[in-house]
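Engineer: To start, I am sharing the structure in question, which I have written as structure tokens.
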Amino acid sequence: MLNHQYFVKSVYSLDQLPEKKLPEVVLCGRSNVGKSSFINSIFNKKNLAKTSATPGKTRSINYYSVDDVFYVVDLPGYGFAKTSLEERKKWQFLIDKFLKKSEQLEFAFHLIDCRHDPTELDIKMNNLFKEINLPYIFILNKVDKIKKAERRTYFYKFCKIFPESILEENTIFYSSLTEEGRKEIRALLYQSFYKNS
Ligand SMILES: Nc1nc2c(ncn2[C@@H]2O[C@H](COP(=O)(O)OP(=O)(O)O)[C@@H](O)[C@H]2O)c(=O)[nH]1
Ligand SMILES: [Mg+2]
């Protein structure tokens, strides 16, 4: 379980989706929030997903298979300042269509940098989940960057924007550096995709 992961393909339009249908968990967040690092740390692989210090690199929807049981679907990050308006519109169109059309979606991991207030685009993203009734887990990422004593303050601010957020239920502090939260995420994936098989 959760042993064998491999990159399946990069998708640039909806006619390129993998032929084999499996349940999907989607990963979304701002560009540079740490999505690729999240995938690598969850599965303990250095280069399963490419990470980058330069934001705005990933334009594709990237499919990773886990044990041929489910897909982790890495959506292109949003909010990169240098992205042109045209590219942004393309992004929005693709994501919107993808999320509304896909029948295999089980839930989403929404990564948000724990140090920053959620942005307009984070809120939009979240509204889309609500619109299509897709369950979501907030990953408050890069928690290694703040002191333990500061967590409450950041979380309090976060809850002002997403009052439905409950720690350890639908919200998890995470760090790919210290691997905090990793056990919880793996347990959640196990519960979701293996328990009844
Ligand atoms: N301190 C810290 N840095 C992180 C963490 N996750 C990612 N990063 C860094 O953030 C940058 C962007 O990471 P990446 O995974 O490529 O982000 P993506 O654009 O969302 O896929 C890289 O420099 C990573 O090393 C984390 O949990 N803690
Ligand atoms: Mg990435």
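Every number in this text was worked out from the coordinates using simple rules, so none of it is lab data. The model shown is predicted, which means the values in this text are computed figures rather than measured ones. Note: ideal-geometry Cβ built from the backbone for every residue, glycine included; neighbour counts use all protein chains shown.
Engineer: Between Lys46 and Met1, with labels modelled 7 Å along Cα→Cβ, what's the label distance in nm to one decimal, could you check?
Structural biologist: 2.9 nm
Engineer: I would also like to ask the following. Return the distance in nm (one decimal) between the two label points of a simple spin-label model at Arg186 and Ser10, each offset 7 Å from Cα along Cα→Cβ.
Structural biologist: Result: 2.9 nm between the two label points.
Engineer: Would you mind checking the pairs Lys90/Lys124; Lys130/Lys183; Lys9/Lys46; Lys97/Lys124 and listing those with alpha carbons more than 20 angstrom apart?
Structural biologist: Flagged as over cut-off: Lys130/Lys183.
Engineer: I would also like to ask the following. With the Cα gyration tensor of the range 44-122 in hand, convert its eigenvalues to equivalent ellipsoid semi-axes via √(5λ) and list them largest first in whole Å. Before the final figure, lay out the partial values.
Structural biologist: Working: eigenvalues 95, 61, 38 Å².
Ellipsoid semi-axes (Å, largest first): 22, 18, 14.
Engineer: Now, a different point. Sorting check: for 63-72, 5-14, which peptide has the highest mean count of neighbouring beta carbons within 10 Å, and how do the rest follow?
Structural biologist: Averaged packing, sorted descending, gives the order 63-72, 5-14.
Engineer: Further, regarding this structure: Dipole magnitude of the chain about its Cα centre, charges +1 at Lys/Arg Cβ and -1 at Asp/Glu Cβ only, in debye to the nearest 20?
Structural biologist: The dipole of the chain has a size of about 580 debye.
Engineer: Step through the residues of the range 3-20 one at a time and calculate ³J(HN,Hα) from phi using the Karplus curve (6.51 cos²θ - 1.76 cosθ + 1.60, θ = phi - 60°), rounding each to whole Hz and writing x for Gly and Pro.
Structural biologist: Couplings: 9, 10, 10, 8, 5, 9, 6, 9, 10, 10, 8, 6, 7, 9, 4, x, 5, 6 Hz.
Engineer: Could you please state, rounded to a whole Å, how far the C-alpha centre of the range 92-166 is from the C-alpha centre of the range 1-61?
Structural biologist: 17 Å
Engineer: Between Glu164 and Lys20, 0.36 nm times their residue separation minus their Cα-Cα distance comes to what?
Structural biologist: Full-extension gain reported as 48.4 nm.
Engineer: For Arg30, which sequence-distant residues (separation of 5 or more, or a different chain) have an amide H within less than 5 Å of its own amide H, given hydrogens modelled in the peptide plane?
Structural biologist: Amide H to amide H, under 5 Å and 5 or more residues apart or across chains, Arg30 pairs with Tyr78.
Engineer: Considering amide H positions built from the backbone, and no H for Pro or chain starts, which residues 5 or more places from Lys9, or on another chain, come under 5 Å of its amide H?
Structural biologist: Close amide H contacts, sequence-distant or interchain: Tyr63.
Engineer: Only helices at least 27 Å long along their axis, Cα-based, and averaging 1.6 or more on Kyte-Doolittle count here, so list those DSSP H runs from the chain. List each step's numbers first, then the result.
Structural biologist: On the way: long enough: none.
Qualifying helices: none.
Engineer: Count charges around Asp117 for me, please; just the other residues with Cβ under 13 Å from its Cβ, Lys/Arg as +1, Asp/Glu as -1.
Structural biologist: Local charge sum for Asp117: +1.
Engineer: If you don't mind, another one. Per the Kirkwood formula on distinct C-alpha pairs, the Rh of the chain is how many angstrom?
Structural biologist: It works out to 17.1 Å.
Engineer: In terms of the Cα gyration tensor, with a ≥ b ≥ c the square roots of its eigenvalues, is the range 89-140 rounded because a/c is under 1.5, prolate because a/b exceeds b/c, or oblate?
Structural biologist: Because a/c hits 1.5 or more and a/b fails to exceed b/c, the range 89-140 counts as oblate.
Engineer: Hey, what D do you get for the range 104-173 in µm²/s if you plug the Kirkwood alpha-carbon radius into Stokes-Einstein at 10 °C and 1.306 mPa s?
Structural biologist: Values: Rh = 12.4 Å.
My calculation gives 128 µm²/s for D.
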